[in-house]
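Below is one structure, written out as structure tokens; comments come after it.
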Amino acid sequence: MAGGAEDGATVRTVTCWPGSYDRFMTDEADDHVPVTRRQWDEHMSAWFERYARPRWAAAEPYWGIWCIPQSQLPVLPAGPAGVAAVELGCGSGYVSAWLARRGARPVGVDLSARQLATARRLQEEFGLRFPLIQADAERVPLGAGCADLVISEYGASAWCDPYRWIPEAARLLRPGGQLVFMAQSTLARLCMPEQGPATGRLVRDLFGLHRVMRTGASGNRYRLFTLPHGEWIRLMARCGLMVEDLIEVQVPPGGTNNDFPEFPEEWVRRWPAEEVWFARRGSSRTGRQ
Ligand SMILES: C[S@@+](CC[C@H](N)C(=O)[O-])C[C@H]1O[C@@H](n2cnc3c(N)ncnc32)[C@H](O)[C@@H]1O
């Protein structure tokens, strides 16, 4: 698989030169998928349920921790009518619902039975149906080239190993198709210790940045992922995905965040807590080596 890490190869310190990084980086413990599934089924889905219905009901999509409206943060592509979309890590399915209402044909993929149960309940309530598949976004049971759009808002983009889900997204996309994903910014990850709020200092190394452990207030440890920007670009290029844009999200005046105290207001006035990537699949899957 293009851009995949070599099985079993693990290193802690990596000298990074273009094209070499992902050949050596892999999730050292390689336990994130079953652990993440259990965490979402056992407690995370219950906590996230509060966001599901209001987002399903919203006339205008809004994004991320600060609920920035689509008119100010255009994450959904213009004119999605007729577009075949796959949402990787769809959770309660509101992004797919927004797409379906605008005439797209979304398929939601998620690991968690509880999250998908919420999505099904909201499909009933809003009378809006689209396929939901319980599967790992790193190994999606859909055919190559089936999608015009692959999208993830804090799903695969935050919880899956980029060396596995980016090649999967590229495989799903037809030539010319678009990948859009949103997650916490690389800068935010660098400034956040394992527990507690973002600081004004770099507390993690950029070199070797990949799996990021975070401990919640409950003491649960979460396995999240990110990469240095250069490595995101090279990984996507190797999978035939050319980056078209990267929005480093600036919280607009009046933007509120009542639920995520790890980002003090003072921090987000100066730095982007979130980022959105846009890439397009070329006609060849090989990309730049
Ligand atoms: C914060 S939610 C984001 C989804 C959606 N935007 C929402 O808020 O409902 C993260 C989702 O990623 C899913 N997820 C985590 N790891 C996954 C994997 N390997 N494959 C598919 N889904 C995964 C979780 O089950 C969860 O529903």
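If you scan the stretch 153-172, which residues turn out to be surrounded by 24 or more Cβ atoms within 10 Å (Cβ to Cβ), among the small types (Gly, Ala, Ser) and near the ligand (Cβ under 8 Å from one of its atoms)?
GLY155, ALA156
State all residues of the stretch 85-113 that are surrounded by fewer than 21 Cβ atoms within 10 Å (Cβ to Cβ) and either near the ligand (Cβ under 8 Å from one of its atoms) or among the small types (Gly, Ala, Ser) (or both); if no residue qualifies, say none.
ALA100, GLY103, ALA113
For the stretch 174-181, does any single residue satisfy the condition of being more than 13 Å from the ligand (Cβ to nearest atom), of a type outside the set (D, E, K, R) and crowded, with 22+ Cβ neighbours inside 10 Å?
yes
When you go through (1) at negative phi; (2) in contact (Cβ under 8 Å) with a residue 24 or more places away in the chain; (3) buried (at least 17 other Cβ atoms within 10 Å of the Cβ) one by one for GLY208, which number turns out not to apply?
The single condition GLY208 does not satisfy is (1).
Scan the stretch 188-237 residue by residue and report those that are over 21 Å from GLU153 (Cα atoms) and of a type in the set (Phe, Trp, Tyr).
Result: PHE207, single match.
Only one residue in ARG120, ARG129, ARG139 is near the ligand (Cβ under 9 Å from one of its atoms), surrounded by fewer than 21 Cβ atoms within 10 Å (Cβ to Cβ) and either on the phi > 0 side of the Ramachandran plot or at pLDDT 95 or above (or both). Which one?
Only one candidate passes the filter, namely ARG139.
Can you find, within the stretch 42-78, the residue that is farthest from the ligand (Cβ to nearest atom) among those that are of a type in the set (Gly, Ala, Ser) and either part of a helix (DSSP H, G or I) or closer than 23 Å to ALA135 by Cα (or both)?
Ranking the candidates gives ALA57 first.
Report, by residue number, each residue of the stretch 108-132 that is in contact with an Asp or Glu (Cβ under 8 Å, 6 or more places away or on another chain), of a type outside the set (Gly, Ala, Ser) and free of Cβ contacts under 8 Å to residues at least 40 places away in the same chain.
VAL109, LEU116
Hey, among the residues in the stretch 214-232 that are surrounded by 14 or more Cβ atoms within 10 Å (Cβ to Cβ) and within 23 Å of PRO34 (Cβ to Cβ), which one's modelled with the lowest pLDDT?
First pass over the stretch 214-232, keeping only residues surrounded by 14 or more Cβ atoms within 10 Å (Cβ to Cβ): 214, 216, 222-229, 231-232.
With the extra rule that they be within 23 Å of PRO34 (Cβ to Cβ), the set shrinks to 214, 216, 222-227.
Values: ARG214: 94, GLY216: 89, TYR222: 95, ARG223: 95, LEU224: 97, PHE225: 97, THR226: 98, LEU227: 98.
Within the stretch 214-232, the match that is modelled with the lowest pLDDT is GLY216.
Conditions: (1) hydrophobic (A, V, I, L, M, F, W, C); (2) under 29 Å from TRP267 (Cα atoms); (3) not in a helix (DSSP H, G or I). ALA81 meets all but one. Number of the miss?
Status for ALA81: all satisfied but (2).
State whether the residues of the stretch 151-163 include one that is of a type in the set (Phe, Trp, Tyr) and more than 17 Å from ALA279 (Cα to Cα).
Within the stretch 151-163, one or more residues are of a type in the set (Phe, Trp, Tyr) and more than 17 Å from ALA279 (Cα to Cα).
Residues that are under 14 Å from the mean Cα position of the chain (by Cα): list the strands (runs of 3 or more DSSP E) wholly contained in the stretch 139-241 that include at least 3 such residues.
Here the list reads 147-153, 173-184, 221-225.
The values are calculated or read from the model by the stated rules, or taken from the named source; none is laboratory data. Values in this document were obtained by computation on a predicted structure and should not be read as measured data. No Cβ is skipped: glycine too gets one built from the backbone with ideal geometry, and neighbour counts run over all protein chains shown.
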